[in-house]
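Trainee: Below: one structure in structure tokens.
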Amino acid sequence: MNMYDAKELERLLSLEDEKSLLELYEQADKVRRKYVGDAILLRGLIEFSNYCGKYCYYCGLNATNRSLERYRLTKEEILDSVSQIAAADIKTVVLQSGENPMLRPEWLAGLIKDIKSRYEIAVTLSVGERPREDYKLWKDAGADRYLLKIETSDKKLYNSLHYGMDFENRLRCLRDLKGLGYETGSGIMVGLPGQTLRSIANDILFFKEWDFDMIGIGPFIPHGKTPLAGKQAGDVNLVLKTLALTRIVTKRANLPATTALGSLGKDFRVEGLKAGANVLMPNFTPAPYKKLYEIYPNKRCISESTGACAPCMGSIAASIGRTIA
Ligand code: SAH
């Protein structure tokens, strides 16, 4: 018998009293310490373009948002940010963007090669759904990891939030990435309109079944220029419960305390780190562009100068008796 079947996970996700919540977070914290230790892993994030041709109903970058000024960093600007990440002694760079059909796969392959030839650094890509041949080209160029959130593993909910996209293709992408040997990351948003506790319980089982290397879990935050404007944001405690249960069930996966969790008025990333998370993703997008990568409003620290996040990570870690890897 599985201790954590969908019914039991749903019950745990519905816990509300403070004592039960603290117990759950403490249990997750113990599992985290035992399996991945006290050192927090840092991933330097570069949001290199906000051009997007997709219609995800929750995302401020979606193609119908004509009021957003679009940008794309040059190769030189990206390499400059990578040099700052390397100088901060961070061992992984994450290259993320909207889904631009005009992105030339050869251009990105060239960039990956440049980065790998200059630095001893892992390259993580997060540029959405692409054909297998692009994923292969980038893997051959030296890319190590890929992040593609499933967003929700509930097929009906997924298809209702993604106009013109298909859940099956998302799964195809994840299968291709794993098959090509990428360390593959996925994840979900918590509090999506129409999402049930049972659906989140199934997401946690989905993470276990797919055995992802990294799992990003953050609150849904409504953006005014999307079809979900005015909807309720995800509940912090529900995000923390999901994070904690994901830690307990997957044991070894790398779980970031996401920027979205840090953007709900207060910085709840610390609570995330105490409920199972072991990764932080400081933002190294050049300052003038940071605020334009507006997937949701009031994103954390967008007015800080480039690279200002790195020292901040040390103080977060110290405040809870943890270290930086
Ligand atoms: N185009 C890439 C990167 C997307 S942005 C891709 O599809 O993988 C990175 C993540 O931001 C998304 O996977 C989604 O989980 C999150 N996101 C987008 N809009 C959001 C919102 N309104 N609230 C919270 N998270 C959001």
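The values are calculated or read from the model by the stated rules, or taken from the named source; none is laboratory data. As the structure is a prediction and not an experimental result, all values here were calculated from the model. Glycine gets a Cβ as well: all are built from the backbone with ideal geometry, and neighbour counts include every protein chain shown. The area values use the complete protein model at the heavy-atom level, side chains included, leaving out ligands, DNA and RNA. Shrake-Rupley method; radii C 1.70, N 1.55, O 1.52, S 1.80 Å.
Trainee: Given 113, 54, 75, 136, which one is in contact (Cβ under 8 Å) with a residue 12 or more places away in the chain, within 30 Å of residue 242 (Cβ to Cβ) and either among the hydroxyl-bearing types (Ser, Thr, Tyr) or surrounded by fewer than 21 Cβ atoms within 10 Å (Cβ to Cβ) (or both)? Explain how you work it out, then say what you get.
Mentor: On the way: 113 fails: within 30 Å of residue 242 (Cβ to Cβ); 75 fails: within 30 Å of residue 242 (Cβ to Cβ); 136 fails: within 30 Å of residue 242 (Cβ to Cβ).
Answer to the check: 54.
Trainee: Which number in (1) touching a residue at least 40 places away in the same chain (Cβ under 8 Å); (2) closer than 28 Å to residue 230 by Cα; (3) touching a Lys or Arg at 6+ places or on another chain (Cβ under 8 Å) marks the one condition that residue 63 misses?
Mentor: (1)
Trainee: Let me ask something additional. List the number of the failed condition for residue 130; all other conditions in (1) out of contact with any Cys (no Cβ under 8 Å at 6 or more places or on another chain); (2) crowded, with 18+ Cβ neighbours inside 10 Å; (3) not hydrophobic (A, V, I, L, M, F, W, C) hold.
Mentor: Evaluating residue 130 over (1) out of contact with any Cys (no Cβ under 8 Å at 6 or more places or on another chain); (2) crowded, with 18+ Cβ neighbours inside 10 Å; (3) not hydrophobic (A, V, I, L, M, F, W, C) leaves (1) as the failure.
Trainee: Test of understanding: among 224, 234, 276, 272, which residue is modelled with pLDDT of 95 or more, over 28 Å from residue 176 (Cβ atoms) and either away from the ligand (no atom under 16 Å from the Cβ) or touching a His at 6+ places or on another chain (Cβ under 6 Å) (or both)?
Mentor: The conditions single out 276.
Trainee: Moving on. Which condition number in (1) over 14 Å from the mean Cα position of the chain (by Cα); (2) open to solvent by less than 10 Å² (accessible area, probe 1.4 Å) is the one that residue 268 fails?
Mentor: (2)
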